[in-house]
Amino acid sequence: VAWTLSENKLVYHDSDDVLLNPPIFTLEPDQAQLMQLGLRRPRAEGNEIAYRLIVDEVPPPPKPGLSLRRLSRISVPIFVEPQGGARNQVDWKAELVPGGGMKITATNKGNVHVQIKRLDLLPEGSTDAPSSKKMLDYLFPGMTGEWVFEEEKIWAPKGCL
């Protein structure tokens, strides 16, 4: 599927841009399968193009007496770098919010995605453990992400609480 940005949200669209060989295969336990991917069209000039390769398990026929089956679905991100090369640029902003929290904003002004796995915040000069948020967020070109840390004690000047 094509993986695009619409109104600052990531959405999937059916696409036949990516060729997969083999398109269907049987995988026995403890067996590996090599797959080859190719594009039907040239790489884009401006921003990278993103896809998701979705691999679904096709269920075997049900066994007599069993009505519950577990199926697997794997979704793998695929990014195609633009012809002019990758340009990374993320603008970060931190601001206090009412109630003492901190809002972190990141805007991707580059032409390739940025993956954010964790944010650590700590007042300058502090030796305390940072306030952390673990995540798995993607910022596509032109996308803005926001994360709020609500730990009031971290942002108040010493002696004010």
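Quick note: the coordinates plus some simple rules give every number you see, no bench work behind them. Here the structure is a predicted model, which means the values were calculated and not measured. Here the Cβ is made from the backbone with ideal geometry for all residues, glycine too, and neighbour counts use every protein chain on show.
Figures for the structure shown
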{"quantity": "19 Å cut-off, amide nitrogen to a point 7 angstrom out along Lys9 Cα→Cβ, residues in segment 131-147", "calculated": "136-147"}
{"quantity": "The chain, helix-only ellipticity at 222 nm - DSSP H runs n ≥ 4, -39,500 (n - 2.57), divided by all residues, nearest 500", "calculated": "-500 deg cm²/dmol"}
{"quantity": "Magnitude of the charge dipole, the chain, Cβ model with Lys/Arg +1 and Asp/Glu -1, debye to 20", "calculated": "200"}
{"quantity": "Most positive-pole-ward Cα, Phe140, Gly125, Tyr51, against dipole of the chain from beta carbon charges", "calculated": "Tyr51"}
{"quantity": "Nonlocal Lys pairs with alpha-carbon distance under 14 Å, the chain (8 or more apart, or different chains)", "calculated": "5"}
{"quantity": "Packing rank of 57-65, 31-39, where each peptide gets the mean count of other beta carbons within 10 Å, highest leading", "calculated": "31-39, 57-65"}
{"quantity": "As computed over segment 1-138, the Cα convex hull volume per residue (Å³)", "calculated": "239"}
